[in-house]
Structures are given as structure tokens and as C-alpha cells.
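S.K.: Below: one structure in C-alpha cells.
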Amino acid sequence: MMRPARLAVGVVSAGRVGSVLGAALARAGHTVVAASGLSAASLARAERLLPDVPLLPPDETVRRADLVLLAIPDDALAGTVRGLAATGSLRAGQIVVHTSGAHGIDVLAPAAELGALPLALHPVMTFTGREEDLERLAACSIGVTAATDDEAAWNVGEALTVEMGAEPVRVPDSARALYHAALTHGANHLMTLVADCAEVLRDAGIGQSERLVAPLLSAALDNVLRHGDRALTGPVARGDVGTVRKHLAVLADRAPDVTPAYRALARRTVARSLAAGVLQDTAAAKDLTELLDDSAEGHQDQ
């Protein structure tokens, strides 16, 4: 894998992701020549992670850079790239990287038309914007996307990823939206699920709910990552229709906001349990599916 030469890096902007990746690139031997940021939090973060780096407007930051790192919200990315191209900030020979998981390289078309090399590098981790994120990079992957037929661009993206301490994973441009939907479904919805679980326990008068569920949830996550659907357990996987009926009744009474999510995930668990052969009682599976139906008839069971 070819190592990129020492590069002048411009970070737009010094948010949680940009400041950490900028610091990781600096640690790899590149030079962060400028960063942009307006909020007090961005200024403090840049001072901590990118010391002595001048804070400049985005267009000036980009003009100084060989490697432009666009770590900005998904919805702002296209307009920012068009604006930087229109102001003459981008030029041929630059490497222009964005960190959005939702976008491929099409959003960087205005930069590519000027002769820049477009790359998408999406770190598959959550960021706090603190120093510990630099160490966490060593345990994460980065989804790399480049032009399909440009092997040199893929190599550059992979080399930058390795230099930052992460593991590169190639994500074809055509798969980018589905890739991001899968990660969002797993990470963000898992957080919602766990928060709901802890809240229901607290509402039931059970103290230290997070400590109570931590070993259970950690083991469940480890088991499914190791063994897939074969690790499924619980009343749905066992075909315990009566238990699920009780769950729906008590949730409807005590936690009605959680009930739709319970129904949806339980229905999905029925399907996965059946497909994996964990739930072999087809009659129970049929009864569970009918019970979990969101229709008015299904709600009568509560």
C-alpha cells in the first residue's frame, strides 16, 4: 500500500469528528495547516486537539490544504462543496475527503471536475471529540469509497485510514446509502432500545437499572456477533405466546410509548428465529405473528 506523502491538511470543520481525524493525521506525520470552526465548543476542541493550528474561514482553510477534510453534517455537504468550488478554493491535485456515512463520492463532483481526487472516509464509531477518541480509532474500521475504476484513489483512501490507526473497509459507491442505513439501524436504534429498557426498569421501581442490564446486554451483543441468529433466546425464540401476551398487556398499561417498538422487534425476531431454525414450532410462530400484528384486532389481546 502506497503511503501518501506528507500533506498539508485543512479541516472543515473542527467538530467532534474533524478535530479527532485532524489530530490523527497530524500524529501520522501530516501537518494540519488550518481549521475552521465558529462555536465555542469547536474553538475549545481545536485548541485541545489541534494546538497552534490557525482557525480560519472554510475557504481560506481549503486554499491552504493539499488534503481537504470535510467533516460537516450530511445535509450541508453538497452546498459546501459547491460553494468552495465557486469561490476558487478547490484546485486540481488536492485530495478532498468527506466523512459522511450517508454520501458516496458523487457529492464531491464539483471538486472532481476541477481535478481534485474525491474520497469518502467514514469512521464506524461514535465520537466525543476528546483525546480518547484517538485511541479508539485503533479499534474501529473506516468505510472507504473512491471512484470504481480508480485503484490509485482506493489505495490513497486505504493508506490514509491505516495511517490514522484504523482498518479500511471498501464500500462501493452504489452501496453507500444501504451501508449507512444498516449502521444507523444497528447503532442508533440500539441506543434507543437500551435507553427504553433502562427507563422501563426505573419506572418499575428497580434501582441501578443500567448496572442490572449491562452484563445481559453485553453478552447478547457478543453472542450475536459471534454466532448470529443461532444465539437468539427469549420467549419469542421459544414460542412462548403466553409470555409475549403478558408483555404486551403490561407495556400497554405502563409503557405505551415502548409498545410499538416491542411489537416491531418481536415480529422481526419471529421471522429470524424461524429462518434460523431456532423457532421450530410453526403453530406458535403463527400465533405470535397474529398476536404481534399492529392491526386493531391484534391490539384487542391487550
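The values are calculated or read from the model by the stated rules, or taken from the named source; none is laboratory data. All values derive from a computational prediction rather than experimental measurement. Every residue, glycine as well, gets a Cβ built from its backbone with ideal geometry; the counts of neighbours run over all protein chains shown. Heavy atoms of the whole protein, side chains included, go into the accessibility calculation; ligands, DNA and RNA do not. Shrake-Rupley method; radii C 1.70, N 1.55, O 1.52, S 1.80 Å.
S.K.: When you scan segment 155-162, do you find a residue that is crowded, with 17+ Cβ neighbours inside 10 Å and hydroxyl-bearing (S, T, Y), even just one?
M.R.: Checked segment 155-162: at least one residue is crowded, with 17+ Cβ neighbours inside 10 Å and hydroxyl-bearing (S, T, Y).
S.K.: Could you please give the count of residues in segment 175-218 that are in contact (Cβ under 8 Å) with a residue 12 or more places away in the chain, farther than 21 Å from L265 by Cα and of a type outside the set (D, E, K, R)?
M.R.: 3
S.K.: Within segment 232-271, which residues are closer than 18 Å to L217 by Cβ, in contact with a helix residue (DSSP H, G or I) (Cβ under 9 Å, 6 or more places away or on another chain) and open to solvent by 70 Å² or more (accessible area, probe 1.4 Å)?
M.R.: Correct list: T233, L265.
S.K.: Within segment 222-231, track down each residue that is without any contact (Cβ under 8 Å) to a residue 24 or more places away in the chain and either out of contact with any helix residue (DSSP H, G or I) (no Cβ under 6 Å at 6 or more places or on another chain) or open to solvent by 40 Å² or more (accessible area, probe 1.4 Å) (or both).
M.R.: D222, N223, V224, L225, R226, H227 - these are the residues of segment 222-231 that are without any contact (Cβ under 8 Å) to a residue 24 or more places away in the chain and either out of contact with any helix residue (DSSP H, G or I) (no Cβ under 6 Å at 6 or more places or on another chain) or open to solvent by 40 Å² or more (accessible area, probe 1.4 Å) (or both).
S.K.: What are the residues in segment 272-283 that are crowded, with 18+ Cβ neighbours inside 10 Å and either of a type in the set (V, I, T) or touching a residue at least 12 places away in the same chain (Cβ under 8 Å) (or both), if any?
M.R.: S273, V278, L279
S.K.: Identify, please: which residue in segment 107-133 is closer than 22 Å to H185 by Cα and in a loop (DSSP other than H, G, I, E, B) and is, among those, farthest from the chain's Cα centre (by Cα)?
M.R.: Ranking the candidates gives T128 first.
S.K.: Related question: Could you please find all residues in segment 138-163 being closer than 20 Å to L50 by Cα and at pLDDT below 95?
M.R.: A138
S.K.: Take L84 and decide whether it is buried (at least 22 other Cβ atoms within 10 Å of the Cβ) and out of contact with any strand residue (DSSP E or B) (no Cβ under 7 Å at 6 or more places or on another chain).
M.R.: Here the answer is yes, as L84 does meet what is asked.
S.K.: Of the residues D66, D75, D106, which single one is surrounded by fewer than 17 Cβ atoms within 10 Å (Cβ to Cβ) and out of contact with any helix residue (DSSP H, G or I) (no Cβ under 8 Å at 6 or more places or on another chain)?
M.R.: Going through D66, D75, D106 in turn, just one is surrounded by fewer than 17 Cβ atoms within 10 Å (Cβ to Cβ) and out of contact with any helix residue (DSSP H, G or I) (no Cβ under 8 Å at 6 or more places or on another chain): D75.
S.K.: Read through the list (1) assigned to a loop (DSSP other than H, G, I, E, B); (2) at pLDDT 95 or above; (3) not charged (D, E, K, R), then give the number of the only condition that L38 fails.
M.R.: Among (1) assigned to a loop (DSSP other than H, G, I, E, B); (2) at pLDDT 95 or above; (3) not charged (D, E, K, R), L38 violates only (2).
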